[in-house]
Amino acid sequence: MEAKVTRFIEEGSVPGDVTDLVEPDTLDTVVSLVLDKVPSVAVSGSEAQSLTFVYLVAELAKAESARTSLGASKLLIAHLLKTIRDTDNMLLRHQAFRAIGNLCYEHENNRKEFHEGGGVDALQQAFTRMSVAEHPEEDVGKAAFAGAVMNMMNDAKELAEDLVRAGVVSSLVWLVKHAESDIEKALSRNALLHFAEIDSALPELTKDGNAMVLLDLLEACEDEEEDIEMMQVFRKVIAVDETLPFFATEAVLERVRGLTLHARPGVSKVAAITFSVLLADDACLGLCWNDPDKRRDTLALLTSWLSDIERHDMVVAGITGVGNVCRSDANARLLGETPGLLDSIVQLLHVNLSFVQHAALGTLKNMVKLPANATAVANAKGVEALLIAVNDPQGPLQYLACSTLRSLVMTCPAATAPLLVDSADTIRRLIHLTKSETMPVQSESMRLLAALIKVPRSSAIMEPLVAEGVAAVLARMFVAEHPQCQHEATIALAILASTSETCASTIVSAAFVDVLLTRISQCETQQIRVEVLSNYVTILVQLITNAPNLRENQSKLQDIKQIAEQHLTTNPQYVALQTSLAAALQLSS
C-alpha cells in the first residue's frame, strides 16, 4: 500500500483514479501513510507532487472517519494554508480549497484548527491572487473557494465574524457576479447567503452596489424553497438601519419596484415587503415620494397591494408601506385624503388573520393623530372594527387597538366616545384589560378609560363607566409605576370627583381617600412638586364637597385634618393648599 501511495503522489494525475486508496478497509492505513508524507512534500516536494498529494487529501477527507486523523496534523493544515496563500497554480489552489472544505465539513475541531492556524487570512489572500490574475473568470477554483468558506464557517460565529472583517463577503459577491457553471453559481450563492445570519455582515451584503447582487439572486429564484430563503435574507438585511442607505439610489429602488411585478409570486412578495420597509428610510422615501410622478406611482403601487386581498403578504406590504409614508403630518394628511384608503385599512381589521390585523392597527395608530383622519376612520365604522381587536386574546392586538382608540377619543371624542360606553360589555372588557399581565396592554387600557373621562368631560360618558367600576381602575392607575399613568389618573379622578355625588361617592367607596392621604403624607420625603400636590388637594376638596359617604365619615375627616396639619404647614408653598382643605372641612361640618 505504501508503494501505491508513493507512486500516486510521484506519478499520478489530477483528477486521478484513487479508488483503491480510499477503500474503507484500507482507509486508515492510507491516511497514516499520507500523514507520513507531509514533511517531505511540504519541504521538498515539487509542484506536481504537491498537486497529487493535496488531491489525495481532498479525496480521503470525503470520508468522515479520515477527517479527524488528517485534521490532527498541524503540519498538514499549515501546508494547505501555505499552498492557497502562495501558489499561482490554479489547479493546485483548487485542490487545496477542496481539501480544506472537505476537512472542515461537519467537523468542529478541524474548523477550529484552520481558524487558529490563520485560515481566514489565507483564504482572503488566495482570493486576492485569484481576482487579480489576467483571466480570473477562468479560474477553476471559484466553486471550491466558496465551498471552503462555507464549510469552514458553518455555525461558528467567531470564525464568521473574522471572515467578515477579512473582506470575504465582498469576495463572495465577486464570485456570484462572475460564476459561470451551475456549481459555481450554487456554491457562491449559498456561501454568500450564509452570511445573512451574521449581523456584522449585513452592511457588507448591501454596500458598494452589493444590494443589486442580492436583487439579482432574488430575480433568479426558481422554486419556493429559494423564495423562502431570499425572504429570510431580505428580512434580516432590511431590519438593520445601517443597510437601508445602501438601497437609497434610484437604480436600486427602481429595481426593487420592478421585481414587485415579477411573474413568480414568491419573488414579487419579497420585493414588495422590501420596498415597503425601505420607505422607513428618509432617503429612500424621498426618492419615491418627493417627485409628484414618483409619489403617484408609489401610492398606486401601495394601494394595489391593499386591494390584493387574496395575497395577504402583499396586503401587509401595502399597509406597512402606508405606515412608513405617514410618519410626517403632511404625508399622513395626503394619505388620508386618498379616496378609499382609510376605509380599506379599517376593513382589514375584519380579516381573521392576526398579522394582517396587526399591520393595519399599526398604520391606523399613526394616521388617526390627525383630526381629519380620525374623523374619517370613525365615519368608516373604525371604532366597531377596533373593538374586534380589543376582544382578541392576543396582547399585541389589544395594545394597538386600545392605543388607537385612545387617539380617536383624544382627537374626535364626540364621534367615538359614545360608541365605547353604549355597551356594558365593552366597558367590562376594557376594565378587564386593565388587569392584563401584559404591561403595555394594562397601561393602554387604563389610559383609554382615563381619556374617556378627561376629554369629553360628559356625564353621559362618565356615568356608565362609573357604574361598571372605573373608579377602582383609576385608583390603581394612580399608583402605577409609570408617571404618565399617574398624571392622567389624577386628572380623571379630579374630573370625576367634581361631576356628581354618585361619581364622588364611588371614588370614596374605592378606598381611594387612604391612597391619596398616603401620597400627601410623602410630600416632604419625596419632594412632590407643589402643582402636583395641588391636584391631590383638589381631589380631596371635591370629594369632601360632593361625596356624602365621606362627609358623614367623621373618622376619615379627622384623618384628613390631621394629615393636612402635619404635612401642609411645613412649607410656605403648601399653606394655600392647607387653607383650602381646611375650608372644605369646615363647610362639611
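Inside the stretch 305-327, residues that are in contact with a helix residue (DSSP H, G or I) (Cβ under 6 Å, 6 or more places away or on another chain) and basic (K, R) make up a count of 0. Taking (1) open to solvent by 40 Å² or more (accessible area, probe 1.4 Å); (2) among the polar types (S, T, N, Q); (3) under 19 Å from Q484 (Cβ atoms) in turn, S443 satisfies each apart from (1). Inspect the stretch 337-357 for any residue being under 27 Å from I453 (Cβ atoms) and either crowded, with 21+ Cβ neighbours inside 10 Å or among the β-branched types (V, I, T) (or both) and give the result as yes or no. Yes, the stretch 337-357 has at least one match. Residue count for the stretch 150-166 under the criterion of being touching a Ser or Thr at 6+ places or on another chain (Cβ under 8 Å) and of a type in the set (A, V, I, L, M): the result is 1. Pairs meeting the criteria (first residue in the stretch 86-112 and of a type in the set (K, R), second residue assigned to a helix (DSSP H, G or I) and crowded, with 22+ Cβ neighbours inside 10 Å, beta carbons under 6 Å, at least 6 apart or on different chains) are R93/I84; R98/A58; R98/A144; R111/C104; R111/M152.
Taking the stretch 7-22 as the region of interest, how many residues are modelled with pLDDT of 80 or more and surrounded by fewer than 13 Cβ atoms within 10 Å (Cβ to Cβ)? Write out each step before concluding.
Looking only at the stretch 7-22, we keep the residues that are modelled with pLDDT of 80 or more, and these are 7-11, 14-22.
Narrowing the set further to residues that are surrounded by fewer than 13 Cβ atoms within 10 Å (Cβ to Cβ) leaves 7, 11, 15, 17, 19-20.
Qualifying residue count, the stretch 7-22: 6.
Applying the criterion of being open to solvent by less than 50 Å² (accessible area, probe 1.4 Å) and not hydrophobic (A, V, I, L, M, F, W, C) to the residues of the stretch 72-86, the residue that is nearest to A61 (Cα to Cα) is S73.
Out of all the residues in the stretch 433-446, is one or more closer than 16 Å to G382 by Cβ and in contact with a Cys (Cβ under 6 Å, 6 or more places away or on another chain)? No, that holds for no residue. Those residues that are within 18 Å of A385 (Cβ to Cβ) and small (G, A, S), I need them from the stretch 321-354; list them, please. Matches in the stretch 321-354: G323, G336, G340, S344, S354.
Restricting attention to the stretch 240-269, the residues that are part of a loop (DSSP other than H, G, I, E, B) and free of Cβ contacts under 8 Å to residues at least 24 places away in the same chain add up to 2.
Here the stretch 522-546 is the region considered, the condition is being among the aliphatic types (A, V, I, L, M) and under 42 Å from the mean Cα position of the chain (by Cα), and the residue that is surrounded by the most Cβ atoms within 10 Å (Cβ to Cβ) is L533. If the condition is being surrounded by 16 or more Cβ atoms within 10 Å (Cβ to Cβ), in a helix (DSSP H, G or I) and not charged (D, E, K, R), then the stretch 550-572 contributes L550, L557, I560, I563, A564, H567. Against the conditions (1) of a type in the set (V, I, T); (2) more than 18 Å from A472 (Cα to Cα); (3) at pLDDT 90 or above, V508 satisfies every one except (2).
Among residues of the stretch 237-256 being under 23 Å from L302 (Cα atoms) and surrounded by fewer than 18 Cβ atoms within 10 Å (Cβ to Cβ), the one that is nearest to the chain's Cα centre (by Cα) is A239.
Scanning the stretch 13-37 for residues that are without any contact (Cβ under 8 Å) to a residue 12 or more places away in the chain and either under 19 Å from K62 (Cα atoms) or β-branched (V, I, T) (or both) yields D17, T19, E23, D25.
Conditions (1) out of contact with any Cys (no Cβ under 8 Å at 6 or more places or on another chain); (2) under 15 Å from L159 (Cβ atoms); (3) open to solvent by 70 Å² or more (accessible area, probe 1.4 Å); (4) not in a helix (DSSP H, G or I), marked per residue:
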position: L70; (1), (2), (3), (4): yes, no, no, no
position: D88; (1), (2), (3), (4): yes, no, yes, yes
position: R93; (1), (2), (3), (4): yes, no, no, no
position: R98; (1), (2), (3), (4): yes, no, no, no
position: N102; (1), (2), (3), (4): yes, no, no, no
position: F114; (1), (2), (3), (4): no, yes, no, no
position: D121; (1), (2), (3), (4): yes, yes, yes, no
position: A144; (1), (2), (3), (4): yes, no, no, no
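Residue under question is C523, and the condition is that it be touching a Leu at 6+ places or on another chain (Cβ under 8 Å) and part of a loop (DSSP other than H, G, I, E, B); does it hold? Considered against the rule, which asks whether it is touching a Leu at 6+ places or on another chain (Cβ under 8 Å) and part of a loop (DSSP other than H, G, I, E, B), C523 comes out as yes.
Among N89, N102, which is under 42 Å from the mean Cα position of the chain (by Cα) and of a type in the set (S, T, N, Q)?
Working: N89 fails: under 42 Å from the mean Cα position of the chain (by Cα).
On inspection, the qualifying residue turns out to be N102.
From S46, S40, grab the single residue that is more than 16 Å from Q95 (Cα to Cα) and free of Cβ contacts under 8 Å to residues at least 24 places away in the same chain.
On the way: S46 fails: more than 16 Å from Q95 (Cα to Cα).
S40 is the lone residue from the list that is more than 16 Å from Q95 (Cα to Cα) and free of Cβ contacts under 8 Å to residues at least 24 places away in the same chain.
If you take the residues in the stretch 123-142 that are of a type outside the set (A, V, I, L, M, F, W, C) and open to solvent by 70 Å² or more (accessible area, probe 1.4 Å), which one is farthest from the chain's Cα centre (by Cα)?
At the first step, the residues of the stretch 123-142 found to be of a type outside the set (A, V, I, L, M, F, W, C) are 124-125, 128-129, 131, 134-139, 141-142.
Filter once more, keeping what is open to solvent by 70 Å² or more (accessible area, probe 1.4 Å): 125, 129, 134-135, 138.
On the way: Q125: 36, R129: 39, E134: 45, H135: 43, E138: 42 Å.
Only one residue tops the list, namely E134.
The number of residues in the stretch 465-500 being assigned to a helix (DSSP H, G or I) and open to solvent by 40 Å² or more (accessible area, probe 1.4 Å) comes to 10.
Being over 43 Å from the mean Cα position of the chain (by Cα) and either under 23 Å from K142 (Cβ atoms) or at pLDDT 95 or above (or both) narrows it down to one of L56, L80, so name that one. Give the steps one after another, and end with the answer.
Values: L80 fails: over 43 Å from the mean Cα position of the chain (by Cα).
When all the criteria are applied, what remains is L56.
What do you reckon, is E161 without any contact (Cβ under 8 Å) to a residue 40 or more places away in the chain, part of a loop (DSSP other than H, G, I, E, B) and either on the phi < 0 side of the Ramachandran plot or in contact with a Pro (Cβ under 6 Å, 6 or more places away or on another chain) (or both)? Answer is no for this residue. If you filter the stretch 305-328 down to residues that are open to solvent by 50 Å² or more (accessible area, probe 1.4 Å) and in a helix (DSSP H, G or I), you find that the one that is nearest to D343 (Cα to Cα) is H312. In the stretch 361-374, is there at least one residue being closer than 25 Å to S459 by Cα and surrounded by 18 or more Cβ atoms within 10 Å (Cβ to Cβ)? There is at least one residue in the stretch 361-374 that is closer than 25 Å to S459 by Cα and surrounded by 18 or more Cβ atoms within 10 Å (Cβ to Cβ).
Applying a threshold of 9 Å to beta carbon distances and a minimum spacing of six or more residues, or different chains, the list of pairs starting in the stretch 356-378 at a residue that is closer than 18 Å to D392 by Cβ and ending at one that is open to solvent by 10 Å² or more (accessible area, probe 1.4 Å) and among the aromatic types (F, W, Y) reads L361/Y399.
The values are calculated or read from the model by the stated rules, or taken from the named source; none is laboratory data. Keep in mind it's a predicted model, so treat the numbers as computed, not measured. Here Cβ is always computed from backbone atoms with ideal geometry, including for glycine, and neighbour counts include all displayed protein chains. Accessible surface is based on the protein model in full, side chains and every heavy atom, while ligands, DNA and RNA are left aside. Shrake-Rupley method; radii C 1.70, N 1.55, O 1.52, S 1.80 Å.
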